[in-house]
Every structure is written in structure tokens, then in C-alpha cells.
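Values in this text are rule-based calculations from the coordinates and carry no lab data. Here the structure is a predicted model, which means the values were calculated and not measured. All Cβ positions, even for glycine, are placed from backbone atoms using ideal geometry, and neighbour counts span all protein chains on display.
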Amino acid sequence: MFNVNDLIVFLEAAECGSFSEAGRNLHLSQPAISQKIDSLQKHFGTKLFVRHGRSMRLTEAGQALKPMAKELLGFAHRLEETMVSLQGEVVGEMTIGCSTASGKYLLPGLIATFRHRYPMVRINVQVSSRKSVLEKLATGDLTLGISSKRIDQRDLEYRDFFTDDVILIVPSNHRWATYARIYPDDLLDEPIILREEVAGTREVLFDALRRRDIFPEMLNVAMELGNAEAIVMAVEEGIGVAFVSRLAAARALEMGHIKEVEIDGMALQRSISLARNTRIPPTRAQLEFWEFIHSQTAQDKLLGKLASVENCEVSY
């Protein structure tokens with residue numbers, strides 16, 4: 001029987017494509033990595049890796065082993081956590097995929113409150129694109145994820161837990177900063193900074209503009225950037241105006257570096273959801289977090305965060 005720990009080494013080497021890098025990540029020497037891989041190859045009677053230049057690639061057998069090894073290790077973790085949980089403790093480790101700017105601002109406070117209740121649970125947050133988070137949920141590489149979009153996938157279950165405001169921000173010295181509001185048509189002549197094509201804020205903005213017969217090609221796009229924080233900085237520098245999550249803009253609003261401007265008849269919002277893959281049995285820790293997110297304690301935390309952000313708004 002092979003050692004389950006050897007599978008951990010195998011998966012790390014498969015992800016890195018390098019035995020030496022896998023060793024650094026696992027705090028093992030390269031000879032120790034090679035020994036464990038050799039042990040697996042002897043057990044299965046086949047090569048799992050083949051050298052390709054300076055990197056290592058999986059053989060056909062290695063590619064077949066990889067998803068099963070992930071599944072087996074997942075069951076091993078759940079087994080261990082379940083046995084401990086039967087003694088009354090909630091323990092374990094989970095990774096939450098996060099694809100939204102608002103999620104990055106909301107999760108730390110929620111996780112802190114959750115860990116105050118369950119201090120033996122370790123939570124990792126993996127920030128990546130919305131597409132990546134949803135794909136990893138669908139394939140089982142993630143068990144929980146936060147996203148502003150839902151895909152029609154049989155195994156995925158969603159729960160809304162927060163409504164995010166998407167606001168128009170301008171430099172503090174911009175002429176609009178003194179206006180009570182502007183009209184949607186005013187956006188046509190103004191340099192605008194957009195998120196990348198797959199971003200949720202961009203999708204919400206374009207949907208709202210189309211309903212007012214304003215189409216993307218009509219906008220004066222000055223720049224596209226890949227994250228909300230960079231966009232806020234670009235607005236501060238006077239490159240253009242932009243639409244971002246209120247949470248992402250809160251600090252710059254509070255400091256007076258940018259201003260929020262209302263648009264007549266166009267309030268933009270998007271629902272933020274926590275998603276899980278129902279095909280994978282949840283651990284006790286994952287189940288508790290799923291329920292916690294929708295508890296009154298978590299909602300009070302979110303309302304407190306929202307209130308503090310709304311206090312950053314400037315009255316005109």
C-alpha cells in the first residue's frame with residue numbers, strides 16, 4: 001500500500017512541474033521528493049513524470065492519477081476532520097475562491113468573526129478571476145467560492161449574502177464633483193476607465209447603459225485595468241472617471257481624493273453569492289461556514305461594514 005503523504009508530494013510536483021520547486025514548497029530536499037515519486041512509480045509499475053527540458057511533465061498515467069489523488073486526499077482530510085468533530089471540536093482547513101473586489105473587502109472581517117467562534121479552523125482565500133473560481137468549483141478544486149455571477153451547472157449551489165453598490169467616481173477636482181447628479185448621456189464625452197471584459201462591474205455597467213440605448217462602442221475609453229484598486233488610483237491621477245465597487249472606493253472617498261457622483265435614474269447594484277459544489281460532501285468546517293455566512297451574526301457584520309463605507313460619502 002502506498003503512503004498517502006507520497007500523493008501530497010506527487011500533486012505538488014505536478015502543479016509546479018519541478019521537483020526542486022515542490023521540495024521548496026514542502027520543505028523537503030529534492031532527493032526526498034525524487035524518492036517519494038520513485039516509490040509511487042514502483043508501486044504502480046509505471047512512470048508518472050517525464051522530463052521535458054528543465055521541467056517535468058506528467059505522463060498519461062500521471063494525468064490519470066492527478067484527479068484521483070486530489071479526490072483521495074480530500075476524503076482523507078474529511079475523514080480526519082470528521083473524527084475530531086465527533087469529539088465536539090470543529091477543526092480543519094478550507095480554501096475559499098474569491099473573484100470580486102467586494103469579496104476581498106468583506107471576507108477578512110467575516111473570517112475573523114468565524115474563527116473567533118471556531119479557532120481551530122484555518123481558512124485560505126484564493127483570489128483569481130471569476131471564470132477561474134467558477135471552473136475550479138465545477139471541477140471540485142474548490143469547495144467554496146464567492147462570485148457576482150452564476151453559471152448553470154448542475155452541481156453548483158448559490159446563496160446571495162451581500163448586495164454590492166457599483167458607483168461612479170471622479171477626481172476630487174473634477175467639474176462633476178460639485179454636481180448633485182449627472183445624466184447617463186454625460187458619460188459619452190468623458191474619458192472613462194474600465195475593468196477587463198470579464199469583470200462583474202463592467203458587466204453591470206454595460207447592462208445598465210444598454211437599457212438607456214448607450215452602447216460600449218459609444219464610450220470614450222481611456223484605459224482598461226485589471227483590478228479595482230488600480231482603477232481608483234488612476235481616477236485619483238485624473239486619467240478619467242470610472243465605475244467601481246463602493247467598498248473598493250471607500251478609503252479614497254474618506255480621504256477626499258475622489259468623489260462619488262450620482263447618475264439620474266441609474267443606481268447600479270450586483271448580488272454577491274457564496275457558491276459550493278454539492279457533489280463533494282462538505283467537511284464540518286465547510287458546512288459551519290456555509291451556515292455562518294447567512295447567520296444573523298454575519299449579516300450584522302456586513303451591515304456594520306456597509307454603514308462604515310456609506311459614512312465615507314460626501315453630501316453635496
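Roughly how many Å is it from the Cα centre of region 248-309 to that of region 198-222, as a whole number? Here the answer is 23 Å between Cα centres. Helix 200-210 and the long axis of the chain differ in direction by around 40°, with both axes built from C-alpha atoms. When each of the peptides 251-261, 119-129 is scored by how many other beta carbons lie within 10 Å of its residues on average, the order from highest to lowest is 251-261, 119-129. Helix 4-16 and the long axis of the chain differ in direction by around 50°, with both axes built from C-alpha atoms.
Under a Gaussian network description of the chain, with springs only between Cα atoms under 10 Å, the residue in SER99, SER271, SER18 that fluctuates furthest is SER18.
Beta-bridge orientation, the chain: approximately 60 percent antiparallel, per DSSP, counting only bridges with both partners inside.
For LYS47, the lysines whose Cα comes closer than 17 Å to its Cα, not counting residues fewer than 8 places off in the same chain, are LYS36, LYS66. Bridges between two residues of region 163-269, per DSSP, are antiparallel at a rate of about 55%. Evaluated with a Cβ-only charge set (Lys, Arg +1; Asp, Glu -1), region 174-220 carries a dipole of roughly 220 debye about its Cα centre, given to the nearest 20.
Listed by chain and number, the lysines whose alpha-carbon sits under 18 Å from that of LYS131, ignoring those within fewer than 8 places in the same chain, are LYS104, LYS149. Calculated from the structure, volume of the Cα convex hull per residue in Å³ equals which of [x] 143; [y] 175; [z] 293? Only one listed value fits the structure, namely [y]. Once the Cα atoms are used to define both axes, helix 30-44 deviates from the longest principal axis of the chain by about 70 degrees.
Applying both filters, DSSP loop and at most 15 other Cβ atoms within 10 Å, to the GluC sites (Glu not before Pro) of region 1-94 gives GLU89.
Here, P(r) means the percent of Cα pairs in each 10 Å bin from 0 to the largest distance; for region 1-134 it is 11, 30, 31, 22, 6, 0. If only the Cβ of Lys and Arg carry +1 and only the Cβ of Asp and Glu carry -1, the dipole of region 163-269 around its Cα centre is close to 200 debye.
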